Structures are given as structure tokens and as C-alpha cells.
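The values are calculated or read from the model by the stated rules, or taken from the named source; none is laboratory data. Here the structure is a predicted model, which is why all the values come from computation and not from measurement. Positions of Cβ are generated from backbone atoms using ideal geometry, with glycine treated the same way; all protein chains shown enter the neighbour counts.
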Amino acid sequence: MKLYHHPISGHAHRARLMLGLLGLDHELIELDLSKGAHKQPEFLAINPFGQVPVLQDGDTVISDSNAILVYLAKKQGATDWLPDDPEGAAKVQRWLSVAAGQIAFGPCAARLVTLFGAPFNADEVIARAHAILALMEAHLNTQNWLAADHPTIADISLYSYVARAPEGNVDLATYGKVRDWLARIEKLPGFVPFMHAPAEMLASA
């Protein structure tokens, strides 16, 4: 397997983390996004959307981080990570939608403002981040994991951008249950740390 990625992309980290947790051998191919490597013809031939991550498994090419999580869990028959039963699968899907929605337009967007000067309203996206974190805090008050009584790809999908929310000026101090959840993920066998943004990127914000 080959994973096209960038080390400070939370989307790419989701895929790296899942590969690590499943113990799968893979080759990392880092794209220099600052030089537009993801928009070059040779990469667009792999992923016309021009985004990382992309997983290449023989002749199979999967783009989109959540799709990669689903693919890896299904390929390995890992029903603990992605349940087969309708209710269990639906509970996981609910949180994958949160990752693509409230997380992408909350903590992820706030981090993009800080690191890359993305044209979002900082106050607005930070407020969105706190709204979803408050919901997660309440949810995790009664259970240790998001979608089941054990970790699933739902947890992996949300981990990266929540863990690095402070890089977008989103303070996690008041979310004790969320911080406990992050710590539980970080103790899982095969955990792959998510690189912190370089200090100079944060200093220039």
C-alpha cells in the first residue's frame, strides 16, 4: 500500500493512524503542498480532486480520508472498527458525518486560519469548534468512545483535528472528557502521533 500524504494534514493523519492501528505495512509518499504537488498532472491522474490523502492498494485507489478508513476496516474484516450490524454501522456513520461537517468547518477551519491564513471568519469557526466540542463532551460523559463501547473508525475520524484544535486558538481546557478520550486513543497499540505544526507557522499567525 502507498499513502500520499502531508504530515500536518489532519485528513492525512486519519489514514496514517488507521494504518498504524491495523498494523499494515505501507509506503508514505509526502507531497509538497506548498509547491502545488497535489495539483500536478501526475497526481491529478491519481486523484482528480487534487487532495490528500490518497491510498493506493495495487490497482485500487481510494481518496477521501473517511473513505480510506472504511476501506481499510472492510478489507481487514475489522468489524470491531466498523461494525457490520445496521445499528452499529449507522452509529459510526453519524460521527463520520460530523467529521466531514462540524469538525471540518470548526476546529479544522480554525486551524487553517492560523496556519495558512485561510479566508474564514476566525470568530465564527472557533465558535463552531466549541459547539461541537461541547456536544462531544456531553456524549463522552456517559461513554468512553463515540460510537460503541470500544474504539471505532468514528473515533479515528475525529481525533486529529480535535487533538490539534489549540493550533487554531480553540482551547480544550474546559473539555475534560474530550481530553480523556484523546488520551485513550493515544494509548492504543499502533498509535501514530500527529505532527505538531512548525513553530514558525504558529508564530506567523
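Scan the stretch 175-197 and give yes if some residue there is over 30 Å from Leu24 (Cβ atoms), touching a residue at least 24 places away in the same chain (Cβ under 8 Å), among the hydroxyl-bearing types (Ser, Thr, Tyr) and part of a loop (DSSP other than H, G, I, E, B), otherwise no. Checked the stretch 175-197: at least one residue is over 30 Å from Leu24 (Cβ atoms), touching a residue at least 24 places away in the same chain (Cβ under 8 Å), among the hydroxyl-bearing types (Ser, Thr, Tyr) and part of a loop (DSSP other than H, G, I, E, B).
Residues checked against (1) at pLDDT 95 or above; (2) loosely packed, with under 12 Cβ neighbours inside 10 Å:
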residue: His130; (1), (2): yes, no
residue: Ala134; (1), (2): yes, no
residue: Leu158; (1), (2): yes, no
residue: Ala163; (1), (2): yes, no
residue: Ala183; (1), (2): yes, yes
residue: Val192; (1), (2): yes, no
residue: Ser204; (1), (2): no, yes
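Out of Val125, Val98, one residue alone is in contact with a Gly (Cβ under 7 Å, 6 or more places away or on another chain), in contact (Cβ under 8 Å) with a residue 40 or more places away in the chain and under 26 Å from Lys177 (Cβ atoms). It is Val125.
Counting only helices (runs of 4 or more DSSP H) wholly contained in the stretch 1-107, the ones carrying 3 or more residues that are surrounded by fewer than 18 Cβ atoms within 10 Å (Cβ to Cβ) and among the small types (Gly, Ala, Ser) occupy 86-98.
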